[in-house]
Amino acid sequence: MPHDHSHDDSHGHSQDDHSHLDDETARVMALEKLLADKGLIDPGALDVILDTYETRVGPRNGARVVARAWSDPDFAQALKDDATAAIHGMGFAGRQGEHLTAVFNTPHDHNMVVCTLCSCYPWSVLGLPPTWYKSAPYRARAVSDPRGVLAEFGVTLPEGTAIRVWDSTAEMRYLVIPMRPEGTEGFSEDQLAELVNRDSMIGTALATTPATGEAA
């Protein structure tokens, strides 16, 4: 079966969409520099704070969205129909008025998100973008060699699994809904949310299994 790793062009970039960094990222970077220059915060402490928001606090919103989609078929359908409205209904509103699209992984299709021109990212559900997401090598290779990039993240998919890469823009951002791990029947939404990691919602990882804590 041929692998579909062409990115989605329906919301393509133009030079009018972005500066090199989107407005939210630029504001955060300016604030970091101002605080450090004025001696109001130690750069090392700031790194710890940003890492906490990037890897722990921020992605909890997205994990709750995924857990509800796993638990509630009606909510999963609402995500497919209009993810922006469904996610905003949970109280997670985008900061820049962007629309959100939820893309669902299946045994036959794996979704992965990139922003090829800058670093557009769904802040409202994933917090701060990781450094690698903004890097030029990821932005280029996610489109040209997604299977190789996944392998570097430790994800090996069956040969028959098609890979689709979604290109975020200032107007449209994507949230990957990973497959629900086996052995989670009867889990509460809170328990399920604990299995959802940030990278699984970008598509560079899988949800973790309850038995081992490793990627399913």
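The values are calculated or read from the model by the stated rules, or taken from the named source; none is laboratory data. This is a predicted model, so every value here is computed, not measured. Cβ coordinates were reconstructed from backbone atoms using ideal geometry, including for glycine residues, and neighbour counts include every protein chain displayed. Note: areas computed on protein heavy atoms with side chains; ligands, DNA, RNA excluded. Shrake-Rupley method; radii C 1.70, N 1.55, O 1.52, S 1.80 Å.
The Rg/Rh ratio of segment 106-212, with Rg taken over Cα atoms and Rh as the Kirkwood radius over Cα pairs, comes to 0.97.
Counting every pair of alpha carbons in segment 151-193, the share spaced more than 17 Å apart comes to 58 percent. Size of segment 75-146: Rg and Dmax of its alpha carbons, in Å, are 13.6, 36. Ranking Ala142, Val165, Thr131 by Cα position along the charge dipole of segment 122-170, where only Lys, Arg, Asp and Glu carry charges on their C-beta atoms, puts Thr131 farthest toward the positive end. Counting Lys +1, Arg +1, Asp -1, Glu -1, what net charge surrounds Val66 among other residues with beta carbon under 12 Å of its beta carbon? Overall, the nearby charge balance is +2.
Going by accessible surface with a 1.4 Å probe and the largest first, Phe104, Phe153, Phe75 read Phe153, Phe104, Phe75. In this structure the amide hydrogen of Cys118, modeled in the peptide plane, comes within under 5 Å of no amide hydrogen from residues 5 or more places off or on another chain. Amide H contacts of Thr101: Arg173, Tyr174, Leu175, each under 5 Å away and 5 or more positions distant or on a separate chain (H built 1.01 Å from N in the peptide plane; Pro and chain starts excluded). Measuring nothing but protein heavy atoms, the accessible surface of segment 126-216 at 1.4 Å probe radius is 54 percent carbon and sulfur. Backbone phi angles across segment 142-158, fed through the Karplus curve with coefficients 6.51, -1.76 and 1.60 (θ = phi - 60°), yield HN-Hα couplings of 4, 8, 7, 8, x, 5, x, 5, 4, 4, 5, 8, x, 10, 10, 9, x Hz in residue order; Gly and Pro are listed as x.
For segment 136-216, the dipole from Cβ point charges (+1 on Lys and Arg, -1 on Asp and Glu) about the Cα centre works out to 380 debye, to the nearest 20. Counting only protein chain heavy atoms and rolling a 1.4 Å probe, the accessible areas of Asp42, Asp190 rank, largest first, as Asp190, Asp42.
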